[in-house]
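Inspection log for the structure reproduced underneath, given as structure tokens.
The values are calculated or read from the model by the stated rules, or taken from the named source; none is laboratory data. Just so it is clear, the model here is predicted, and its values are computed rather than measured. Virtual Cβ from ideal backbone geometry, glycine too; neighbours counted across all protein chains shown. Protein only, heavy atoms only, side chains kept; ligands, DNA and RNA dropped before computing areas. Shrake-Rupley method; radii C 1.70, N 1.55, O 1.52, S 1.80 Å.
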Amino acid sequence: MAIVFISPKQRQRMFFTGITILFLLFLLVVSFGVFLSKPKPAPNQIVLNKPKIDINLQVLESEQVKILEPAAQMDLQFKYAAITDKGSKTSGIITAVSEAEARKILLGMQMTGIVLEEAKIGRENPFTPYYQPSVAPALNTKTK
């Protein structure tokens, strides 16, 4: 039987230490290769391919464009308070493009003393839910 001066545990420790040192050296070489490398210089030649674009303005004179109608303006809502021709006070909401148009409509309905105010559309907090379930009342249970 051979005489061994190094114990098996120490041999195993030396083996793992050697592998660890080799792995760290490999990582060191790779990291230096990555971090110290410089990018390849790009060519200084500027290539500009100018596309050929033709704008045909004769399209604006075609029949299809001539028959187009402008988009309708959005109607606004106005709150009003007025006096009818019979002398009674009335109030409500009227829809029109502008305040002047709303006033003209109300004058056409033979109303006087017109007070118009644009209605505030929407809610102060748009994230509050429309439906909030009511909390059911607690049952009166007796506990001892």
Being of a type in the set (D, E), without any contact (Cβ under 8 Å) to a residue 40 or more places away in the chain and surrounded by 10 or more Cβ atoms within 10 Å (Cβ to Cβ): is that true of D85 here? no
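So that you can scan it fast, the table gives a plain yes or no per residue for (1) β-branched (V, I, T); (2) loosely packed, with under 10 Cβ neighbours inside 10 Å; (3) at pLDDT 90 or above; (4) more than 30 Å from L107 (Cα to Cα):
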site	(1), (2), (3), (4)
S37	no, yes, no, yes
P41	no, yes, no, yes
N44	no, yes, no, yes
L48	no, yes, no, yes
N56	no, yes, no, yes
V59	yes, yes, no, yes
E63	no, yes, yes, yes
Q77	no, no, yes, no
A81	no, no, yes, no
Lone unmet requirement of (1) loosely packed, with under 12 Cβ neighbours inside 10 Å; (2) more than 40 Å from the chain's Cα centre (by Cα) for M111: (1)
Test I93 against the criterion of being open to solvent by 90 Å² or more (accessible area, probe 1.4 Å), at pLDDT 90 or above, within 44 Å of the chain's Cα centre (by Cα) and closer than 30 Å to I114 by Cα, and give yes or no. yes
